[in-house]
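A.B. asks: For reference, the structure I am asking about is given below.
Throughout, read-outs are computed from the coordinates displayed, never taken from laboratory work. These numbers come from a predicted model, not from an experiment. A quick note on method: Cβ atoms are made from the backbone with ideal geometry, for glycine too, and the neighbour counts reach across all protein chains shown.
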C-alpha cells in the first residue's frame, strides 16, 4: 500500500474517482448502489484483501476469512464476495473485533452484516455491506478461496486494488491505474471548484460550461 496515494485518495470524492475509472481504466469502478455504509459510516481508503464465499448448506466456519483478517497488512479493506446474497450475514461482531485488533481500515461485503448494535457499541470500524440481516453464515455459505480476484457489486476486485468509500458509495480502483486516476480526480475536482465559484459569481451554468469547456 502506497501511503502517499492513500493520503491523496482521502481528499477525493468517490464520485470523481468513479469518473476516473471510466475515463482512465475504461471500465466501471463503482459497486452496486446497495453496497453502502451500514455501520459507523465514514470515509474509507485502503487496499483490498479478498475472500470468496459460495452457498453451502453444510456446517462450515469461515476459516479462510479468519486467516485473511489475521494475516492481511494493517490498513487493509476486507472484501468479501458472497454472490450478492442479501439474506446471509458474512460479517459480525467477532470478525469485526479481529479486524479492529489487526488495524484494518474497513469491511466491504457483497452480502449481509449483522450485530450492528454490538459493532457500533464496541468500535468505530466501518462496515459497508449490501444488507443488514440477522442470519448466520454457518450452514448457508462456505469460504472457498482468499487473495484471488472476486466479483463484488458488479465489479471484479483484485487483491491490492484501492477501495474508497464515502456517502455516495464505494469505488474499486485498479492498482495498475491508481496513480493516473488520482491525478485525473485531483484535476477534475480543482476545475469543478472553480466552475462552482464562477457559477455563483455570474449566475449562469451555461457561461461556466462555455468558459471551462466541460460540464
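A.B. asks: How high is the relative contact order of the stretch 88-127? Use alpha-carbon pairs under 8 Å, at least six apart in sequence, and give a whole percent.
C.D. replies: Once normalised by length, the contact order is 53 percent.
A.B. asks: Over the alpha-carbon set of the stretch 74-196, divide Rg by the Kirkwood Rh and report the Rg/Rh ratio to two decimals.
C.D. replies: A ratio of 1.02.
A.B. asks: Given an 8 Å cut-off on Cα distances and at least 6 residues of separation, report the relative contact order of the chain as a percent.
C.D. replies: Relative contact order of the chain: 30 percent.
A.B. asks: Report, to the nearest 10°, how far helix 178-202 tilts away from the longest principal axis of the Cα atoms in the chain, using its own Cα long axis and a range of 0 to 90°.
C.D. replies: Its long axis makes an angle of about 50 degrees.
A.B. asks: Would you mind getting me the FRET efficiency between residue 63 and residue 34? Use the beta-carbon distance for r and R0 = 25 Å, nearest 0.05.
C.D. replies: For residue 63 and residue 34, the calculated efficiency is 0.35.
A.B. asks: Next question, about the same structure. What length, rounded to one decimal in nm, is gained on full extension from residue 135 through to residue 87, with 0.36 nm per residue of separation minus their alpha-carbon distance?
C.D. replies: The span from residue 135 to residue 87 would gain 16.6 nm if fully extended.
A.B. asks: Here's another thing I want to ask about it. Given only helices, namely DSSP H runs of n ≥ 4 each adding -39500 (n - 2.57), what is the per-residue ellipticity at 222 nm of the chain, to the nearest 500 deg cm²/dmol?
C.D. replies: Using -39500 (n - 2.57) per qualifying helix, the result is -10000 deg cm²/dmol.
A.B. asks: Oh, and also: Considering only DSSP beta bridges with both partners in the stretch 92-215, what is the antiparallel share in %, to the nearest 5?
C.D. replies: About 60 percent, rounded to the nearest 5.
A.B. asks: Right, another one. Within the stretch 3-174, what percent of beta bridges assigned by DSSP are antiparallel, to the nearest 5?
C.D. replies: 55 percent
A.B. asks: Return the equivalent ellipsoid semi-axes of the chain as a descending list in whole Å, where each equals the square root of 5 times an eigenvalue of the C-alpha gyration tensor.
C.D. replies: Largest first, the chain gives 35, 17, 15 Å.
A.B. asks: In a GNM of the chain with a 10 Å cut-off on Cα contacts, which of 113, 47, 191 has the highest mean-square fluctuation?
C.D. replies: Looking only at 113, 47, 191, the largest GNM fluctuation is found for 191.
A.B. asks: If I build a Gaussian network model for the chain, linking alpha-carbon pairs within less than 10 angstrom, which residue out of 135, 18, 84 has the largest mean-square fluctuation?
C.D. replies: 135
A.B. asks: With a 10 Å cut-off between alpha carbons and a GNM built on the chain, which of 39, 202, 132 moves the most?
C.D. replies: 202
A.B. asks: Taking the alpha-carbon centroid of each part, what is the distance from the stretch 150-188 to the stretch 19-39 in angstrom?
C.D. replies: Here the answer is 7 Å between Cα centres.
A.B. asks: Note down the nm distance, to one decimal, between modelled labels 7 Å out along Cα→Cβ at residue 148 and at residue 176.
C.D. replies: 2.0 nm
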